[in-house]
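Working notes for the structure below.
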Amino acid sequence: MSTKKTLHIVRHGKSSWDYENISDIDRPLSPRGINNAYLMAKKLSERKVHPDRFITSPANRALYTAIIFSRILKFPYDQIHIEDRIYSGYTDDLIELIRKQDKSVSNLLVFGHNPSFTVFANQLMDHYLENIPTAGIVSLDYEIESWDQVGKTAPVKDFFDYPKRYS
């Protein structure tokens, strides 16, 4: 018997380049990035998304995007998982991370970066996305029993959303 599992691949909001001499991992969100993260979190909320798990890159911009989504989706901050491997950006690490999720998780949000997130989404879908823009979301619905089937089984439905659709 299969059950529905949904993976939401969320690229962080636009980052700020206003600060000199800080490392890439510490770059914050720009004001536009903050606004777009709120917008897209609200769009997920309107779609009645009820997350079971958040996993984010440790980068400031990804973590802050996850925090904004957690506020809007009423997900507890202290349950946001920080995963160093997302920052590294290897798609093999991403697929392994997803496949290791507990069966009890039905709705998973993962926050990270390009180019790896666009490559990862394209690896999982049967059609091509040119780019996941900042604060963009690819949602993949699966009819599977466990997460270890992701990448071996095609999603039954996908949804792509991004801030410029609303401007």
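Looking at the stretch 83-100, I want the residues that are without any contact (Cβ under 8 Å) to a residue 12 or more places away in the chain and have a partner that is in a helix (DSSP H, G or I) with Cβ atoms under 6 Å, at least 6 apart or on another chain. Which pairs are those?
Once the first residue is without any contact (Cβ under 8 Å) to a residue 12 or more places away in the chain and sits in the stretch 83-100, its partners that are in a helix (DSSP H, G or I) give Asp93/Arg85.
Could you tell me which numbered condition Asp18 fails, if it satisfies all but one of (1) over 16 Å from Asp161 (Cβ atoms); (2) at pLDDT 95 or above; (3) outside any strand (DSSP E or B)?
(2)
Mind listing whichever residues of the stretch 106-145 are out of contact with any helix residue (DSSP H, G or I) (no Cβ under 6 Å at 6 or more places or on another chain), over 26 Å from Lys74 (Cβ atoms), among the polar types (S, T, N, Q) and not in a helix (DSSP H, G or I)?
Asn114
Residues Arg53, Arg47: which one is over 17 Å from Asn114 (Cβ atoms), touching a His at 6+ places or on another chain (Cβ under 9 Å), surrounded by fewer than 18 Cβ atoms within 10 Å (Cβ to Cβ) and at pLDDT 95 or above?
Arg53
For the stretch 67-91, give me each residue that is part of a helix (DSSP H, G or I) and farther than 22 Å from Asn36 by Cα.
Asp78, Gln79, Asp84, Arg85, Ser88, Thr91
Within the group Gly151, Gly112, Gly136, which residue is within 22 Å of Arg85 (Cβ to Cβ) and either in contact with a His (Cβ under 9 Å, 6 or more places away or on another chain) or among the aromatic types (Phe, Trp, Tyr) (or both)?
Going through Gly151, Gly112, Gly136 in turn, the sole match is Gly112.
Got at least one residue in the stretch 27-38 being charged (D, E, K, R) and within 15 Å of the chain's Cα centre (by Cα)?
no
With respect to Ile80, determine if the residue is at pLDDT 95 or above, among the aliphatic types (A, V, I, L, M) and either surrounded by 17 or more Cβ atoms within 10 Å (Cβ to Cβ) or touching a Leu at 6+ places or on another chain (Cβ under 6 Å) (or both).
For Ile80, the condition - at pLDDT 95 or above, among the aliphatic types (A, V, I, L, M) and either surrounded by 17 or more Cβ atoms within 10 Å (Cβ to Cβ) or touching a Leu at 6+ places or on another chain (Cβ under 6 Å) (or both) - is met.
The values are calculated or read from the model by the stated rules, or taken from the named source; none is laboratory data. Because the structure is predicted, anything quoted here is derived from the model rather than measured. Don't worry about glycine lacking a Cβ; one is built from the backbone with ideal geometry, like all the others, and counts go over all protein chains shown.
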